Amino acid sequence: MRKIIKIDESKCDGCGLCAEACHEGAIVIENGKAKLISDSYCDGLGDCIGECPRGAISFEMREAAEYDEAAVKARMAAKKSPCSGTLPCGCPGSMARELKPNKPEKPVHEEGKTPCGQESELRNWPVQLALVPVQAPYLEGAKLLIAADCTAFSFPNFHRDLLPGKVCLVGCPKLDETEPYIEKLAQIIKLNGISEIDVAYMEVPCCGGLVKLVDAAVKRSGMPVTLKLIKLSLAGKFLEVRQIFPN
């Protein structure tokens, strides 16, 4: 019997702060939730507890393997290897964070007259729907842009015309499993008070699945959501823009 951390998944939003705080690498983020990967990696000191903004981590007394300092040192040494691209939280790019686009003076051409370049309008990371925590701080009351993976490659003014002021989530209705997306998006809508969603998709038939996915998620959430459907051509042109208002 010894003291060890306990993670309440119902409170965890997958922000990853606990994984960053754990010097032993005992916590990872899997499927949007914090997970203790091995009792033997947890020293029971609880550095992670004070970092959790949701109060999802506490102590408990239970039967657990003894803390294995040698195994921890070996694990952390492996993670510092030049061949390793991960952090204790798993994928280093999966950490939820809010971005604040800079608005510096735009660069100019040599003549000193014509502004050029396009600043990023991205306000959140990650953007892949499968990786976004259901209650990431930037989702509360947000306006969402749900875009098919290919849209940003086809549409040259994606940042200028579609993204300003919105939280961006991307997915592919053809390559990804849609049922987990529907359930997760329904939870995002319901828990964060989402009332406006723009859906950007391509003219190709498989992209129509994204519209059906979002519509199914809105209905499952039971929330009144206004949808704007933005259909784009392969050449990056607007083909159709229409709004659907809640009943």
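Worth a mention:
- Number of positions in region 164-218 that are among the hydroxyl-bearing types (S, T, Y) and surrounded by 21 or more Cβ atoms within 10 Å (Cβ to Cβ): 2
- Taking the criterion of being of a type in the set (D, E, K, R) and part of a strand (DSSP E or B), the only residue of region 12-30 that qualifies is E30.
- Every pair of residues 6+ apart whose Cβ atoms lie under 6 Å, when the first sits in region 200-217 and is of a type outside the set (S, T, Y) while the second is assigned to a loop (DSSP other than H, G, I, E, B) and surrounded by fewer than 23 Cβ atoms within 10 Å (Cβ to Cβ): M202/C150; E203/S233; C206/K174; G209/P173; L210/P173; L213/P173
- Test: residue in region 31-49 that is assigned to a helix (DSSP H, G or I) and either among the aliphatic types (A, V, I, L, M) or within 20 Å of the chain's Cα centre (by Cα) (or both): yes
- Among the residues of region 29-48, those identified as crowded, with 21+ Cβ neighbours inside 10 Å and among the aliphatic types (A, V, I, L, M) are I29, A34.
No lab work stands behind these numbers, since they all come straight from the coordinates. Since this is a predicted model, take the numbers as computed values, not measurements. For neighbour counting, all protein chains shown are included, and Cβ atoms are generated from backbone atoms with ideal geometry for every residue, glycine included.
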